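Below: the structure, in structure tokens.
The values are calculated or read from the model by the stated rules, or taken from the named source; none is laboratory data. Keep in mind the model is a prediction, meaning the values are calculated, not measured. Quick reminder, even Gly has a Cβ in these numbers, built from the backbone with ideal geometry, and neighbours come from all protein chains shown. Surface areas here come from the heavy atoms of the whole protein model, side chains and all, with no ligands, DNA or RNA. Shrake-Rupley method; radii C 1.70, N 1.55, O 1.52, S 1.80 Å.
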Amino acid sequence: MAEVRLENITVSYDGKNNVLEGLNLKVNEGELLALLGPSGCGKTTTLRVIAGFIDPKDGHMYCDDRDFTRIPVHKRNFGLVFQSYALFPHLNVYENVAFGLKLRKMDKVTIEKKVTEILKVCDLTEFKDRLPKNLSGGQRQRVALARALVIEPELLLLDEPLSNLDAKLRLNMRVEIKRIQKKLGITTVFVTHDQEECFSISDKVAVMNGGVIEQFGTPEEIYTRPKTEFVARFIGFENFIKLHKVDGVLECADGTKISVDDSGDKDECLLTIRPDDIKIVADDYKGENVLCGEVVVRTYLGKSYQYETMTPFGKVVVNDASGTLYNTGDKIRMVLDKAKIVLV
Amino acid sequence: MSLGRYLSFFSDTYYLNIFVRTIRVSLICTLVCMILGIPTAYFISRTSKKVRGVLMAIAIFPMLTNSVIRAFAWINVLGKNGIINQILGIFNIEPVSMLYTEFSVLIGTIYLFLPLMIITLVGVMENIDNDMMEAAESLGANRIVAFFKVILPMSVPGIITGSVLVFTGALTAYTTPQLLGGPSNMLMSTLIYQRAMTLNDWTSASVIALIMIVTTLIVMKGLNYVASKLDKRGLE
Ligand SMILES: Nc1ncnc2c1ncn2[C@@H]1O[C@H](COP(=O)(O)OP(=O)(O)OP(=O)(O)O)[C@@H](O)[C@H]1O
Ligand SMILES: [Mg+2]
């Protein structure tokens with residue numbers, strides 16, 4: 001088990017454009033860190049730097065305070081799970097899992113003991129003689145995990161390991177990975193672009209954008225308190241309203257006053273809030289943070305209706321589960337939950 | 001045609017020598033093509049698409065010239081007054097007679113069939129994902145070990161196909177061994193030609209031909225057996 005640090009990592013594939021730009025990251029011992037971000041933001045690149053496949057142009061990588069930057073992949077003892085699983089097609093499940101142990105020149109009995117044990121943990125015992133091509137997606141995924149775990153790696157690296165699975169299996173495997181990771185207490189970096197997956201599995205989250213980390217924190221922090229517009233948008237904040245300060249009070253463009261707990265020290269900022277945190281209220285409602293809008297689109301979401309409304313300062317999206325139906329063109333009043341408003 | 005004809009072929013030392021030499025040359029040729037072809041093909045398969053096209057063109061290039069011309073090119077290189085002996089002469093080394101030996105036949109056939117091995121292997125190896133190598137490395141294998149433990153076994157189908165092509169090619173090659181080997185290093189194909197066209201002995205010629213076909217089948221069967229041992233996926 002180890003603590004991993006990236007310091008000032010800069011990576012360029014073509015020598016001109018930097019894909020990672022002075023990236024800093026720390027994963028504590030035994031923690032599961034999720035790297036979250038849109039396609040092309042550099043998640044895989046970051047993971048490959050940690051694994052040792054990419055030589056950074058600049059910066060260092062430390063594992064338990066040892067400089068690992070120049071240590072070749074095969075000497076790092078990190079377990080890797082690829083998006084494609086990368087199981088060896090010519091070897092059966094047992095041999096795939098035993099591959100790393102055989103390279104470590106362990107004796108047959110020890111190998112057999114360790115492999116049998118990990119196959120049991122990963123629920124694969126009955127498949128040990130099968131070739132990878134005769135396994136289902138979820139089973140292959142578990143073999144890949146078992147193969148990476150059996151070498152007792154310092155660090156486990158997973159690159160979108162669940163993206164090839166169907167929705168139900170994804171959910172199961174997510175819980176499974178979390179369970180095994182906690183049981184073995186192994187430091188883990190998990191790459192994903194799925195925010196739900198990310199929040200449910202991780203101890204810490206690093207949201208990446210364009211080769212830099214936009215925000216780092218616990219899942220709760222990121223979910224409730226995004227620090228930048230990018231992070232807010234990425235994790236499901238859909239409403240963005242420009243505010244400016246008049247005599248120390250925040251106002252919308254049309255003069256509607258907005259009351260928040262901490263109005264910050266900037267003269268202009270962006271208010272953001274999730275559609276779930278806005279309520280539709282009656283016309284005679286008296287209170288703070290009320291906006292008026294006209295319904296433009298109504299979408300049925302199952303447990304609620306989503307209304308896209310037009311207000312004097314732009315589009316506002318609200319989810320309403322009250323059961324009252326509003327039609328296109330209706331004028332409605334909405335109240336923003338003061339505690340859920342985030343300023344970025 | 002009775003069984004006796006076949007038995008008398010194998011009891012005649014003149015024929016038997018030619019038979020053994022043919023098999024030996026074909027096997028050595030196949031083996032050398034394998035040893036040279038596997039790393040070359042792997043290297044080519046790992047390059048970018050653009051570079052791979054160029055390298056493949058270079059690899060195939062020898063196949064684009066007529067085999068008689070290629071044989072004469074080798075005569076110019078290996079002959080008594082050939083390039084090699086001229087270079088040796090500069091260092092006052094006695095000329096070596098390399099032409100009209102089994103060695104020159106081997107050089108000629110290897111040069112002839114190596115491209116076949118490379119093309120076949122590149123076809124198989126370029127479909128092996130780089131993930132495989134990386135997975136092996138992450139599990140503790142350096143590149144060389146990873147190559148032998150993962151890439152090589154995964155290439156077995158290609159190696160077998162390439163070997164069958166090279167072996168049958170070398171076994172039946174006519175012009176090259178004829179021109180580079182001379183009469184003292186005669187191979188089976190030349191023997192057939194001589195029996196049929198020169199001596200008009202069609203019976204012997206067809207006996208030899210059948211023996212060659214059976215030999216090819218046996219070798220192919222043997223290679224498939226080896227392959228099934230090496231590769232549990234089987235050769236579907
Ligand atoms: N081998 C490569 N050569 C050149 N550019 C590359 C290479 N690999 C990745 N890139 C570029 O680097 C950037 C980051 O890529 P990376 O694969 O790290 O993204 P990612 O966050 O993993 O995206 P995804 O979610 O789509 O997997 C992208 O713009 C990509 O085009
Ligand atoms: Mg990726």
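Summary of values
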{"read-out": "Answer residue from the range A:57-80, given it is assigned to a loop (DSSP other than H, G, I, E, B) and crowded, with 20+ Cβ neighbours inside 10 Å and is nearest to the other protein chains (Cβ to nearest Cβ) among those", "value": "A:Arg76"}
{"read-out": "Tally, over the range A:152-164, of residues that are away from ligand 2 (no atom under 11 Å from the Cβ) and open to solvent by 10 Å² or more (accessible area, probe 1.4 Å)", "value": "3"}
{"read-out": "Test: residue in the range A:214-230 that is within 16 Å of ligand 2 (Cβ to nearest atom) and open to solvent by less than 40 Å² (accessible area, probe 1.4 Å)", "value": "no"}
{"read-out": "Pick from the range A:232-255, criterion touching a residue at least 40 places away in the same chain (Cβ under 8 Å) and over 25 Å from A:Gln215 (Cβ atoms), ranking: surrounded by the most Cβ atoms within 10 Å (Cβ to Cβ)", "value": "A:Cys252"}
{"read-out": "Lone qualifier among A:Leu87, A:Leu91 - being within 28 Å of the chain's Cα centre (by Cα), away from ligand 1 (no atom under 16 Å from the Cβ) and of a type in the set (A, V, I, L, M)", "value": "A:Leu87"}
{"read-out": "Residue match in the range A:34-44 (condition: more than 12 Å from ligand 1 (Cβ to nearest atom), among the aliphatic types (A, V, I, L, M) and away from chain B (no Cβ under 14 Å))", "value": "yes"}
{"read-out": "Residue in the range A:124-142 that is within 16 Å of ligand 1 (Cβ to nearest atom) and in the same structural domain as A:His90 (by TED's automatic domain parsing) present", "value": "no"}
{"read-out": "Subset of the range A:260-275 (residues that are closer than 18 Å to A:Gly314 by Cα and open to solvent by 100 Å² or more (accessible area, probe 1.4 Å))", "value": "A:Glu268"}
{"read-out": "Some residue of the range A:90-113 being within 16 Å of ligand 2 (Cβ to nearest atom) and within 27 Å of B:Lys149 (Cα to Cα)", "value": "no"}
{"read-out": "Subset of the range A:186-208 (residues that are buried (at least 22 other Cβ atoms within 10 Å of the Cβ) and under 15 Å from A:Val4 (Cα atoms))", "value": "A:Ile186, A:Thr187, A:Thr188, A:Val189, A:Phe190, A:Val205, A:Ala206"}
{"read-out": "Test result for A:Lys102, in a helix (DSSP H, G or I) and open to solvent by 70 Å² or more (accessible area, probe 1.4 Å)", "value": "yes"}
{"read-out": "Close pairs from the range B:8-36: first over 19 Å from B:Thr172 (Cα atoms), partner crowded, with 18+ Cβ neighbours inside 10 Å, Cβ under 7 Å, at least 6 apart", "value": "B:Leu36/B:Leu114"}
{"read-out": "Residue satisfying all of: in the range A:93-135; over 18 Å from B:Met154 (Cα atoms) and in contact with a Ser or Thr (Cβ under 9 Å, 6 or more places away or on another chain); farthest from the other protein chains (Cβ to nearest Cβ) among these", "value": "A:Thr125"}
